1. So how far apart, in nm, are the two label points at SER238 and ASN42 if each is 7 Å from Cα heading toward Cβ?
2. Straight-line reach from LYS22: which lysines fall under 23 Å, measuring Cα to Cα and dropping same-chain residues less than 8 apart?
3. Decide, for region 1-83, between rounded, prolate and oblate: order the square roots of the alpha carbon gyration tensor eigenvalues as a ≥ b ≥ c, take rounded if a/c falls under 1.5, and otherwise choose prolate if a/b is larger than b/c, else oblate.
4. Angle check, please: helix 11-20 long axis (alpha carbons) against the longest principal axis of the chain (alpha carbons), in degrees 0 to 90, nearest 10.
5. For the ranges 34-47, 137-150, what's the packing order if you count other beta-carbon atoms within 10 Å of each residue, average per peptide, and put the highest first?
6. Listed highest first by mean packing, meaning other Cβ atoms within 10 Å per residue, what order do 221-229, 82-90, 233-241 come in?
7. When only Cα pairs under 8 Å and 6 or more residues apart are kept, what is the percent relative contact order across region 50-173?
8. In debye, nearest 20: dipole of the chain around its Cα centre with unit charges on the Cβ of K, R (+) and D, E (-)?
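Values quoted throughout were computed directly from the atomic coordinates according to the rules given, and no laboratory measurement underlies them. The structure presented is a predicted model; accordingly, all values stated were derived computationally and were not measured. Positions of Cβ are generated from backbone atoms using ideal geometry, with glycine treated the same way; all protein chains shown enter the neighbour counts.
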Amino acid sequence: MINLRPLETCSHYEFDQIHRSKNDPTFSKLSSIRNEIRERYNEYHKYFDNNNLEKLSDSPFVGGKKDALKHCYESPVKALNNLKIRIKKNQPDLIKGICQFCGMDSDNTFDHYLPKEDFPEFNINHRNLIPCCYTCNQLKNEYWLDNKNKRGIINLYTDTIPLSQFLFIDIKIINGLPIGVYSIKNGEGKVDKALYKVIKDHFHRLKLIERYNERFSNTFFKIINSIKYIIRAGLPSSQIEFFLKEEVNNDIHDFGVNHHITTTKKHIYENKELFKKIIQIYR
């Protein structure tokens, strides 16, 4: 999980491009509220820049105006499709195409961080569009605030993803088979408490621990297959550990310390008893 890059473009310009592509009656309805939309965009950008979108006032648009705004996304035109392409192309090369809400699946959909039903004016605002996988999109749905009006989903554009580890795993070898259980914790308190609350809610809402656990065997054996040849070559444990550490350092740089695969690799060489068992089994 690492931060995404907001596309550097003018949201007013992008709206106008999509607006011009519409026919009546949608075009005329959008024209009648264009100034209000610009004001709302300015308000959004202010709170976006301060990372407190929860302070944004409720949408003023209802009825036909709301329908016209929803139509902008629900009936896509070339300008919107082009915007989506540019948002995805703008991301770091190593994570292009990968959902950063979970770090597992293809980012084949777009989430509206502020729900398009509640905030229809932002449904084509590039800062409100987050590439993500279908599963995360469905699980998040309209949720972004808890019942205390606090954010419960990580904003990949504005929340600084911690460099400190909060995703952990415990692995045991039972009857020759690996059993892994992931968890999140802020035991040393290195992650800001308010941010950790968002992270915790994010993991709960998107069922990330359950999803990581379901894929543990796949994750584990991919790692083993990547080092099996050096284990069987008879290299000393210290060299195998060094190889894994180098891989983890590269993974942390590319995907973050809290990626589920990075966490698993790190645990394998840090847990000396587990590491010894793995070498014995696959030697």
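1. It works out to 6.6 nm between the two label points.
2. List returned: LYS65, LYS66, LYS70, LYS78, LYS84, LYS116.
3. oblate
4. With both axes taken from Cα atoms, the answer is about 60 degrees.
5. Working: 34-47: 15.3, 137-150: 13.7.
Order by mean packing, descending: 34-47, 137-150.
6. Those peptides, ordered most packed to least, come out 82-90, 221-229, 233-241.
7. Working: 122 pairs, mean separation 31.2, N = 124.
Taking the mean separation of contacting Cα pairs over the length of region 50-173, I get 25 percent.
8. Dipole about the Cα centre, nearest 20: 540 debye.
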